[in-house]
Amino acid sequence: MDKNQALTNAEKQRRYRERQKDSGKKELRGYLTPEALQCYEEIVQKTQWNDSTLLSNAIRLMYAAHKLGQVGILNSWLNEHKR
């Protein structure tokens, strides 16, 4: 490729995804329920985390809750508070 030739957006995105994959990261996608979106917006406002940091921390916290046997308690709280 010629050094002066501009990369297309698709090529930039492909290269970015390759760099992320090479650094050991995995891309996840999904859709949020209205309740989860409300929680997401509140957390972003309070923490200023980007989507990647928020998702990584959410999964790590969920894993910790699972290992400590607290998932049921947390899920009950979420249901009781309509979150």
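Values as computed for the structure displayed
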quantity: Residue in the stretch 4-11 that is of a type in the set (A, V, I, L, M), in a helix (DSSP H, G or I) and either at pLDDT 90 or above or open to solvent by 90 Å² or more (accessible area, probe 1.4 Å) (or both) present; calculated: yes
quantity: Failed item, numbered, when residue 32 is tested on (1) part of a helix (DSSP H, G or I); (2) touching a helix residue (DSSP H, G or I) at 6+ places or on another chain (Cβ under 7 Å); (3) modelled with pLDDT under 95; calculated: (1)
quantity: Residue count for the stretch 36-82, restricted to those that are within 23 Å of residue 25 (Cα to Cα) and in a helix (DSSP H, G or I); calculated: 21
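For every residue, the table says whether it meets (1) closer than 21 Å to residue 20 by Cβ; (2) open to solvent by 60 Å² or more (accessible area, probe 1.4 Å); (3) without any contact (Cβ under 8 Å) to a residue 60 or more places away in the chain.
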residue: 52; (1), (2), (3): yes, yes, yes
residue: 58; (1), (2), (3): yes, no, yes
residue: 75; (1), (2), (3): no, yes, yes
residue: 79; (1), (2), (3): no, yes, yes
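The values are calculated or read from the model by the stated rules, or taken from the named source; none is laboratory data. Everything numeric here is computed off the predicted structure, so don't read it as measured data. So basically every Cβ, Gly included, is an ideal-geometry build from the backbone, and we count neighbours across all protein chains shown. Please note that ligands, DNA and RNA were not included when accessible areas were found on the heavy atoms of the full protein model with its side chains. Shrake-Rupley method; radii C 1.70, N 1.55, O 1.52, S 1.80 Å.
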